[in-house]
Every structure is written in C-alpha cells, then in structure tokens.
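Undergrad: Below is the structure I would like to discuss, written out as structure tokens.
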Amino acid sequence: MARASSSSSPPSPRLLLFLLVAVAATLLPEAAALGNFTAESRGARWRSRRARRRAFENGLGRTPQMGWNSWNHFYCGINEQIIRETADALVNTGLAKLGYQYVNIDDCWAEYSRDSQGNFVPNRQTFPSGIKALADYVHAKGLKLGIYSDAGSQTCSNKMPGSLDHEEQDVKTFASWGVDYLKYDNCNDAGRSVMERYTRMSNAMKTYGKNIFFSLCEWGKENPATWAGRMGNSWRTTGDIADNWGSMTSRADENDQWAAYAGPGGWNDPDMLEVGNGGMSEAEYRSHFSIWALAKAPLLIGCDVRSMSQQTKNILSNSEVWAGPLSNNRKAVVLWNRQSYQATITAHWSNIGLAGSVAVTARDLWAHSSFAAQGQISASVAPHDCKMYVLTPN
Ligand code: GAL
C-alpha cells in the first residue's frame, strides 16, 4: 500500500496517521476482483507482473481466500461438532453467500501417532466421524473444507505429526477425503531449510493436490513474498496476530512492504482476522477489516460465528468493502487514524495518483453514502477508526 502522511495531521515525531491507497490495475480482468492494488511505480508493477508469471498455476485463489479458521478463537479446543455448527452458521448468517466459503480446521485435529501404514489418523475423541464425513457435510452446504499440517516432524502444538517426509502420502490422503485447502505451518523443522521443506510439499500438491488451495504459513521469516508465488496460493508475511491493537497494526505494517508481489493466484497473508474475539474496540475492528481488505489479505474469520454479535456481523458482512471492483481508474482509499485522539485526515489527489482537476463520486463504504469530491478528500476520524472510500472519476 502506498502511504502518504496527511498534510492536516498534527506534527508528530512518529508517523501515526496513515493514508492507504489502493490503485487498480487496468490490464487484467482479475484486477476487477480486487486483484491489484497499491503499486504505482514502474518497478513495483514490473515485480508484480513477474511474480504473476511465476504463479503456482492451480487456478485457485484468483481473489484472496475468504472463510473461517478455528485457531484464533478455539486454539486446540476443536471438535467435529464445532466445525459442523460453524458451517451451519456461515450459511445461516448469510456470510457464506458473501464469499466466506472455506471452513478451515487448524492445528490439533489428528491423533499423536500415524497408523501402521504411516497415515494420519483423525483424533478419535474429537473427530470420531473422520475428516471425509466432515468434508461431505461441509460440501453439502456449498462450502469447502480446509485442513492443517506442518513442514516439520510435528505441528506447532506438538500434539500431532507434521508432514515432513510424508508429503505425497498426506496430500493423497487429503485429496481422498475431499479436502479443499491446506494451511502448512513451519514448526519442528528437523534442521532442514525452509526452501527444501516447502518445495517438497509444493511439488506433492502440484501432482496430487491440484484442486487444493495451498496456504504457506512460514511466518514471513525468509521473505516468502519473493518466492512463494511459485509454490502456493498465499504466504504468511508475519508472525502470529494477537487480539489487540498493537499486534494488528504491526502485522499491517510488516505486510505492507510486500504489496507488489501479490496478485491473482498468490496473496500476502498478514494472518487471520481477530474481528469479534473481544480484544479490540468496534472502531479498531473496523480498521482491522478495512486494512485487510485494502491489502487484499485473506479474509479468514477467527471468531466464533455461532455466537457473534450484530456488531461483529456488520463488520464482517460489509459487502461494499471487498466486493468493489477497482477497474476503470477507480481508487480505494482508507483514511486511518492511528492516534488516540480525533483527527482530520486529508488525501490529496496527488497522493493517490489522480490529476488535481479530476472530479469523482466518493462512496463511503462504512456510512453507505456517496458524495462529490474534487482535488482532495478529507474527514474527521475517531481514534483508531478509519474511513474507507471508493473514488469513481466522473
Ligand atoms: C502457528 C501458526 C498459527 C496456528 C498455530 C497452530 O505457527 O502461525 O496460525 O496455526 O501455529 O499451532
């Protein structure tokens, strides 16, 4: 995301007011589905095109993945009933219809040991019906099922095996169960390189998991944006998010530098959403969601959707935020107030790649209203809150 400090921001030793600008690419039809953003400079555009040429070509992830994942709310406390009820809730709340299609099981779904043939065994207490039955259930609702493993000897919980040296066998198992998505973590690496371990799984996926979305969770340690486009459909750019303002803003900042490397087929992943987990204010969750949407981050809900509040649902279901195609020179702009006091933030057209004379219709994506603007757009923004607009030249 390109940033510009606001001319109307109060003097500050640190840049605390951010103007985040998304710029649509005009060449690719995929851009119309939120595919391209930020990079205005020629160098950045070139890097972006190069990254796309190298893309992991399984045809998935033309837009960033959307769905739910168990970790941020449940950690290891999961079972098949929670997964089923979550699938039900995604449908019943209308979130599924808005695009939240992946129901992703994170760590702790399997027995500690493989069976005598070396196969994964779903945890007998918590997933007694097995993963295939769960995939069938989720598919019958029109949704997709995701699973989790690790490029090491064990997963990060140390409660189940990882897939290192079992890559082909495990991908075949996942495919036979009808799994649609694999998140692949980075613990217990047995002293072997990231490149070797993730290449092994990527190759297994190319052969046996062609229809499985591949999400690398390497935590951004070795700049995966620069190479993971060849291996999978998304890559974590940061360590784990926690449900607080400091953690969320730092994930956004760390992720920002890799914007030019993402595009249809391969996305930067600053970690899953915390919206609705209780550790941030409504304004902070609105900013979290807006910035993730603008960064074209995966939108993986991390709360308990079975019991989410209306407020949480309103944020997660703001179809305007992420459904707006940004073709035809339209711009998405977020005015984000990171100060702890009310502030006026101004985006001048020169900050966002518009000629000063251009008149636009500005759509406020949270207020759900439109107005005319020319030369600049300015708003008074509450502490930790944001305004998000799509500007359409008249
Ligand atoms: C972490 C990963 C988290 C979660 C957790 C499970 O390494 O970043 O998102 O998957 O492991 O143990």
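Undergrad: Looking for something within 23 Å of ASN328 (Cα to Cα), surrounded by 20 or more Cβ atoms within 10 Å (Cβ to Cβ) and at pLDDT 55 or above - is there at least one such residue anywhere in the range 52-61?
TA: yes
Undergrad: Now for a different question. So, in the range 236-280, of the ones that are within 21 Å of GLU320 (Cβ to Cβ) and small (Gly, Ala, Ser), which residue ends up most open to solvent (accessible area, probe 1.4 Å)?
TA: Looking at residues that are within 21 Å of GLU320 (Cβ to Cβ) and small (Gly, Ala, Ser), I get GLY276.
Undergrad: Give the residue, chosen from SER319, SER250, SER309, that is free of Cβ contacts under 8 Å to residues at least 24 places away in the same chain, out of contact with any strand residue (DSSP E or B) (no Cβ under 8 Å at 6 or more places or on another chain) and farther than 26 Å from SER202 by Cβ.
TA: SER250
Undergrad: Still on this structure: Just one of the numbered conditions (1) at pLDDT 95 or above; (2) more than 13 Å from the chain's Cα centre (by Cα) is not true of GLY302; which one?
TA: Against the list (1) at pLDDT 95 or above; (2) more than 13 Å from the chain's Cα centre (by Cα), GLY302 comes up short only on (2).
Undergrad: May I pose another question? Inspect the range 164-179 for any residue being more than 22 Å from the chain's Cα centre (by Cα), open to solvent by 60 Å² or more (accessible area, probe 1.4 Å), within 16 Å of the ligand (Cβ to nearest atom) and at negative phi and give the result as yes or no.
TA: The answer is no, given that none of the residues of the range 164-179 is more than 22 Å from the chain's Cα centre (by Cα), open to solvent by 60 Å² or more (accessible area, probe 1.4 Å), within 16 Å of the ligand (Cβ to nearest atom) and at negative phi.
Undergrad: Then there's this: Failed condition for THR238, given (1) closer than 24 Å to ALA204 by Cβ; (2) within 16 Å of the ligand (Cβ to nearest atom), with all others met?
TA: Single failed check for THR238: (1).
Undergrad: Here's a follow-up. Suppose the filter is part of a loop (DSSP other than H, G, I, E, B) and modelled with pLDDT of 95 or more; does ASN277 pass it?
TA: Yes; evaluated as a whole, the condition is true for this residue.
Undergrad: Next question, about the same structure. Kindly provide the set of residues from the range 73-107 that are open to solvent by 10 Å² or more (accessible area, probe 1.4 Å) and within 15 Å of the ligand (Cβ to nearest atom), ordered by number.
TA: Selection gives HIS73, PHE74, TYR75, CYS76, GLY77, TYR102.
Undergrad: Find the residue count for the range 182-205, including only residues that are within 16 Å of the ligand (Cβ to nearest atom), acidic (Asp, Glu) and over 19 Å from the mean Cα position of the chain (by Cα).
TA: Counting residues in the range 182-205 that are within 16 Å of the ligand (Cβ to nearest atom), acidic (Asp, Glu) and over 19 Å from the mean Cα position of the chain (by Cα) gives 1.
Undergrad: Say we look at the range 206-235 and pick out the residues that are open to solvent by 10 Å² or more (accessible area, probe 1.4 Å) and of a type in the set (Ser, Thr, Tyr); which of these is nearest to the ligand (Cβ to nearest atom)?
TA: The residue in question is THR226.
Here is a yes/no grid of residues against (1) out of contact with any strand residue (DSSP E or B) (no Cβ under 8 Å at 6 or more places or on another chain); (2) among the acidic types (Asp, Glu); (3) over 22 Å from ASP304 (Cα atoms):
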{"position": "ALA96", "(1), (2), (3)": "yes, no, no"}
{"position": "GLN117", "(1), (2), (3)": "yes, no, yes"}
{"position": "LYS132", "(1), (2), (3)": "yes, no, yes"}
{"position": "LYS141", "(1), (2), (3)": "yes, no, no"}
{"position": "GLN154", "(1), (2), (3)": "no, no, yes"}
{"position": "LEU164", "(1), (2), (3)": "no, no, yes"}
{"position": "ASP185", "(1), (2), (3)": "no, yes, yes"}
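The values are calculated or read from the model by the stated rules, or taken from the named source; none is laboratory data. Quantities reported herein were computed from a predicted structural model and do not represent experimental measurements. A quick note on method: Cβ atoms are made from the backbone with ideal geometry, for glycine too, and the neighbour counts reach across all protein chains shown. SASA here: full protein model, heavy atoms, side chains in, ligands and nucleic acids out. Shrake-Rupley method; radii C 1.70, N 1.55, O 1.52, S 1.80 Å.
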